[in-house]
Amino acid sequence: MMRYSLVFLLGSLSWGQATGSQFGTAAQTSAAPAIPTSTIIASDDNQQVKISNLAPDAPVITISGFCDNPPADVTAASNCKTVITRAQFEKVIDAIQPNMSARARREFALRYSDALVMAKKAEQLGLDKGANYEEQMKFARIQVLFRELNKAIQEKASQISDKDIEEYYYNNKARFEKAEMDRIFVPKARQLAAPSDTTLSDADMQERSQESERTMKKEAESLLARAVAGEEFATLQADAYQVAGIKNSVPNTSMVIRRSSLPPNQVSAMDLKPGEVSSVLTDPAGYVIYKVKTKDVLPLDQARDEIKVTLRSQRMQDEMRAIQGSATPALDEVYFRRRPPQGMMRAGEPSQPVSKPDSRKPTD
């Protein structure tokens with residue numbers, strides 16, 4: 001795992017940590033007029049906020065009883081208000097999550113308003129003073145800078161030209177091969193009925209299981225010989241399930257396969273010519289046998305999006321590795337060593353007998 005991912009394990013920077021008002025005093029008033037309402041259309045989280053005639057300076061959040069410099073008069077203080085305009089609110093959204101849905105924006109607005117009030121109270125209590133606050137703000141700054149760097153790297157990595165795509169395609173053409181194949185899947189073991197004699201020992205049960213696996217391995221080799229001889233794969237698949245004792249419907253043997261969709265130990269099937277049959281290849285749950293029917297190469301136009309994703313990912317990883325490779329951390333192993341749970345000992349450590357109190361000695 002690359003080191004940069006560790007930053008997020010320490011927790012993302014909370015927008016609620018921002019202190020002080022982000023809005024000008026002009027937006028605060030002790031006697032603001034009534035705020036006009038607008039209709040927000042949002043049927044689900046995937047819809048955008050639709051506000052057709054709302055000006056940038058139109059108020060979208062009004063926090064009554066809250067302002068940076070409340071008047072000394074208690075009566076006047078009750079009329080203190082903070083007004084946040086559409087432009088101000090969307091500036092915050094753009095900095096945090098530009099594609100935030102309409103429903104999420106509403107929830108965020110409520111939480112953000114609460115956070116502003118809570119932050120102001122924290123300031124009044126002097127909680128923005130002291131070493132603890134300063135260290136948290138330093139760490140918050142590191143996280144923000146990390147996210148901004150990551151965003152900049154993503155934007156740079158996304159600048160992929162048609163020439164870049166074409167070069168990658170022709171230099172990695174085998175990656176875009178596709179083949180229509182028949183495939184037989186042979187389960188690793190038979191589905192055995194529970195023995196009527198429940199007194200079987202563990203050794204007997206293990207031998208029974210091993211014999212079942214040997215039977216299916218032998219069946220896979222037999223099916224391979226029949227496949228090479230030209231038998232239909234649908235028939236062979238049905239026989240494989242019958243020997244395995246599987247009552248489920250037999251799966252379709254025909255499929256279109258890409259090299260990238262195969263596990264490493266089965267990629268050799270893509271090197272076969274039409275009409276050729278693979279050897280018996282291992283699978284986590286059993287064995288597989290392939291037969292190539294036709295082969296083709298995915299056209300460039302159909303591969304463009306895939307290539308963009310691949311190049312973008314590669315460039316981001318290369319950039320991150322280059323940055324991280326410029327500096328190497330060294331940890332004090334004595335300080336950071338992992339201590340075993342109580343009662344456990346490390347390999348090589350002599351066992352320590354547990355001393356028991358002498359029952360003959362009087363207790364205090």
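The values are calculated or read from the model by the stated rules, or taken from the named source; none is laboratory data. Note that the structure is a prediction, hence the values are computed from the model and not measured. Note that each Cβ is placed from the backbone with ideal geometry, even for glycine, and that neighbours are counted across all protein chains shown.
Would you say Ala152 is touching a residue at least 24 places away in the same chain (Cβ under 8 Å) and in a helix (DSSP H, G or I)? Walk me through how you get there before you give the answer.
On the way: touching a residue at least 24 places away in the same chain (Cβ under 8 Å): no; in a helix (DSSP H, G or I): yes.
Here the answer is no, as Ala152 does not meet what is asked.
Evaluate the following for Ala269: is it among the aliphatic types (A, V, I, L, M), surrounded by fewer than 12 Cβ atoms within 10 Å (Cβ to Cβ) and within 34 Å of the chain's Cα centre (by Cα)?
Details: among the aliphatic types (A, V, I, L, M): yes; surrounded by fewer than 12 Cβ atoms within 10 Å (Cβ to Cβ): no; within 34 Å of the chain's Cα centre (by Cα): yes.
Here the answer is no, as Ala269 does not meet what is asked.
Please find, within region 273-285, the residue that is surrounded by the most Cβ atoms within 10 Å (Cβ to Cβ) out of those that are touching a residue at least 40 places away in the same chain (Cβ under 8 Å) and more than 29 Å from the chain's Cα centre (by Cα).
Checked region 273-285; the qualifying residue surrounded by the most Cβ atoms within 10 Å (Cβ to Cβ) is Val277.
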_Yes or no: region 194-215 includes at least one residue that is over 30 Å from Gln317 (Cα atoms), modelled with pLDDT under 95, basic (Lys, Arg) and outside any helix (DSSP H, G or I)._
no
*Candidates Ile142, Ile184, Ile153, filtered to the one that is buried (at least 16 other Cβ atoms within 10 Å of the Cβ) and not assigned by TED's automatic domain parsing to the domain that holds Arg259*: Ile153
*asked:* Quick check on this structure: which one of Ile84, Ile160, Ile93, Ile61 is of a type in the set (A, V, I, L, M, F, W, C), touching a residue at least 40 places away in the same chain (Cβ under 8 Å) and under 30 Å from Ser313 (Cβ atoms)?
replied: Ile160
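Of the residues Lys156, Lys173, Lys151, only one is at pLDDT 95 or above and basic (Lys, Arg); which? Lay out the reasoning, then the answer.
On the way: Lys173 fails: at pLDDT 95 or above; Lys151 fails: at pLDDT 95 or above.
So the residue among Lys156, Lys173, Lys151 that is at pLDDT 95 or above and basic (Lys, Arg) is Lys156.
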_Members of region 263-282 found to be touching a strand residue (DSSP E or B) at 6+ places or on another chain (Cβ under 7 Å) and part of a strand (DSSP E or B), listed by number_ = Val277, Leu281
_Top-ranked residue in region 77-90 [being loosely packed, with under 15 Cβ neighbours inside 10 Å and in a helix (DSSP H, G or I); ranked as modelled with the highest pLDDT]_ = Ala87
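Please state which one of Asp318, Asp283, Asp301 is modelled with pLDDT under 95 and acidic (Asp, Glu). Outline the logic, then answer.
Numbers: Asp318 fails: modelled with pLDDT under 95; Asp301 fails: modelled with pLDDT under 95.
Of the residues listed, the single one that is modelled with pLDDT under 95 and acidic (Asp, Glu) is Asp283.
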*Would you pick out the residues in region 96-136 that are in a helix (DSSP H, G or I), free of Cβ contacts under 8 Å to residues at least 24 places away in the same chain and of a type in the set (A, V, I, L, M)?*
Leu110, Ala131
